[in-house]
Amino acid sequence: MYNTSIKISQEIQQEKIDTIILINEKSTVDAIIATPLATIYNAPMMLINKDNISI
């Protein structure tokens, strides 16, 4: 499930990204609501497990 997020994170490490929208993996509504915000900021959206975030 996280393979796409991992690939995105590897690619954005090479670019300057100011904003990343984190989406709870269990909430489709969060992703739908966050889409306009991601568009405004031209930011990638990444699925996360809210109980296991490594930064």
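Of all residues assigned to segment 38-45, none qualifies as being modelled with pLDDT of 85 or more, among the β-branched types (Val, Ile, Thr) and outside any helix (DSSP H, G or I).
If you go through segment 31-47 and keep only what is surrounded by fewer than 16 Cβ atoms within 10 Å (Cβ to Cβ) and not small (Gly, Ala, Ser), you end up with Ile32, Ile33, Thr35, Pro36, Leu37, Thr39, Ile40, Tyr41, Asn42.
Considering every residue within segment 8-27, establish whether at least one is outside any helix (DSSP H, G or I), in contact with a Phe, Trp or Tyr (Cβ under 7 Å, 6 or more places away or on another chain) and modelled with pLDDT of 80 or more. Scanning segment 8-27 turns up at least one residue that is outside any helix (DSSP H, G or I), in contact with a Phe, Trp or Tyr (Cβ under 7 Å, 6 or more places away or on another chain) and modelled with pLDDT of 80 or more.
The values are calculated or read from the model by the stated rules, or taken from the named source; none is laboratory data. Since this is a predicted model, take the numbers as computed values, not measurements. Here the Cβ is made from the backbone with ideal geometry for all residues, glycine too, and neighbour counts use every protein chain on show.
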